[in-house]
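Scroll down for the structure; my scribbles are underneath it.
Every read-out reported here was derived from the displayed coordinates using simple, explicitly stated rules and does not represent laboratory data. Since this is a predicted model, take the numbers as computed values, not measurements. FYI the Cβ positions are ideal-geometry reconstructions off the backbone, even for glycines, and counts take in every protein chain you see.
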Amino acid sequence: MNEELIISGRENLMVDPHLHIWHWPIPLYLFLGGLAAGILFFAALFYLMGRENEYRTAVRRIPFIAPIALIVGLAALFFDLRHKAFFWQLYTAIRLESPMSWGAWTLLVITTASVIWCALHIREFFPEWDWKYRWLIDLETFFNKYKKVLAWVILIYAVITGIYTGILLSAFNARPLWNTSVLGPLFLASGLSAGAASIVLGSKDKKERLTFTKIDLIILGVELFLIIHMFMGFLASTRVQIEAAELFLGGGYTMVFWIFVVFLGIILPAALDLMELRGYHIPAVIPGVLVLFGSLMFRFVFVFAGQISRWLY
């Protein structure tokens with residue numbers, strides 16, 4: 001009898017078939033980053049369109065959520081780091097081929113810009129606000145003078161941030177579920193939808209709520225289209241990607257994905273938005289909360305399911 005010795009690392013901790021290196025901080029960050037990107041996108045867009053006074057909640061008030069969301073998201077990332085004392089090296093070793101390097105600089109720019117944007121509109125909440133120090137007053141004057149430039153920076157980096165949250169996952173070729181070009185646009189659409197829903201929840205102006213209800217309805221349709229397109233791509237691809245899709249088509253994540261993400265997070269709020277636009281009185285809090293819940297669940301499901309999908313051939 002011939003004996004063969006096979007050496008493999010697959011039975012080691014945190015290696016196939018149970019790779020769970022990324023826990024709750026990562027999907028939480030992806031959700032908060034996408035939410036902030038969606039909010040800032042609409043704030044900058046409607047300001048550049050010259051409709052700041054018409055949509056004050058979208059441009060001046062709701063954006064205060066963005067820096068808080070980004071800071072909490074960054075805190076979650078920091079919590080997840082194994083070697084926390086060396087995070088600063090992301091800003092000393094620039095690698096153009098690394099999504100992590102791009103993400104570090106993108107987050108630095110968008111977080112700084114969001115704080116400045118909120119500082120320019122702080123009197124929306126505190127009418128008697130006084131910066132006291134001359135250099136802060138000069139900074140406010142400077143950024144008000146170049147507010148359009150700031151808005152363009154925010155608009156561009158909001159799109160990059162929204163797409164990046166998907167690219168961060170899709171760059172992992174070893175995980176078939178993540179390795180799709182649809183993931184970037186899908187995460188962007190989900191973030192924009194969450195941003196529009198936040199504005200609907202925060203606005204007291206009927207016209208503004210209806211405008212962003214229409215916008216959210218369109219984005220939800222795009223999101224559903226991208227999800228269908230993604231699964232069509234998986235099922236027409238290699239065996240490992242077919243198996244990745246099967247995690248949601250009869251596998252362990254089928255119920256949670258189609259009920260909590262697709263039905264409760266997309267289809268039901270879209271139906272409620274449509275009813276609202278046709279004259280039925282639907283409390284804005286219901287579709288708004290459902291959209292935010294679906295966006296959060298989408299990140300959690302995809303992060304955890306993606307770590308189960310694998311190449312074994």
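A few notes on this one:
- Span-like helix ranges in the chain, DSSP H, alpha carbon extent 20 angstrom or more, Kyte mean at least 0.5: 25-48, 65-80, 99-120, 147-170, 183-202, 206-235, 285-308
- As a calculated quantity, the FRET efficiency between Glu246 and Glu128 at R0 = 45 Å, using C-beta atoms, amounts to about 0.15.
- Whole-number D in µm² s⁻¹ for the stretch 93-228, Kirkwood Cα-pair radius fed into Stokes-Einstein, 25 °C, 0.890 mPa s: 141
- Each of Leu235, Ala75, Trp258 was scored by the projection of its Cα onto the charge dipole of the chain, and the greatest displacement toward the positive side belongs to Ala75; charges sit on the C-beta of Lys, Arg, Asp and Glu.
- At 0.890 mPa s and 25 °C, Stokes D of the stretch 273-313 from Kirkwood alpha-carbon radius, µm² per second: 193
- Label-to-label distance, nm, for residues given as Leu108 and Phe225 (7 Å Cα→Cβ offset): 3.7
- Mean projection area, nm², convex hull over Cα of the chain: 20.5
- Exposed loop sites are taken as GluC sites (Glu not before Pro) in a DSSP loop (any state but H, G, I, E or B) with at most 16 other beta carbon atoms within 10 Å; the longest stretch of the chain without one runs 129-313.
- Excluding same-chain neighbours fewer than eight residues apart, the lysines reachable from Lys145 by a Cα-Cα span under 22 Å are Lys132.
- Cα-Cα pairs of the stretch 162-313 separated by more than 28 Å (percent): 22
- Cα convex hull of the stretch 18-107, projected area averaged across orientations, nm²: 7.5
- Relative contact order of the chain, pairs being alpha-carbon contacts under 8 Å that are 6 or more residues apart, as %: 23
- Build a GNM of the chain with springs between Cα atoms under 10 Å apart, and of Tyr55, Tyr146, Tyr133 the one that fluctuates most is Tyr133.
- The distance separating the Cα centre of the stretch 243-297 from that of the stretch 140-215 comes to 19 Å.
- Highest mobility in the GNM of the chain, judged by mean-square fluctuation with C-alpha springs under 10 Å and restricted to Gly202, Gly250, Gly34, is found for Gly250.
- For the chain, excluding the exposed loop sites themselves (trypsin sites (Lys or Arg not before Pro), DSSP loop, at most 13 other Cβ atoms within 10 Å), the longest remaining stretch covers 205-277.
- Given charges at Cβ of Lys, Arg, Asp, Glu: the stretch 25-308 dipole, positive-most of Leu120, Val303, Ser203: Leu120
- Here the chain is assigned +1 on the Cβ of each Lys and Arg and -1 on the Cβ of each Asp and Glu. Its dipole about the Cα centre then comes out at about 900 debye.
- Its DSSP H runs of at least 4 residues, each contributing -39,500 (n - 2.57), put the calculated 222 nm mean residue ellipticity of the chain at -20500 deg cm²/dmol, to the nearest 500.
- The packing ranking of peptides 99-108, 284-293, 162-171, highest mean first, is 162-171, 284-293, 99-108, where packing means the average number of other beta carbon atoms within 10 angstrom of each residue.
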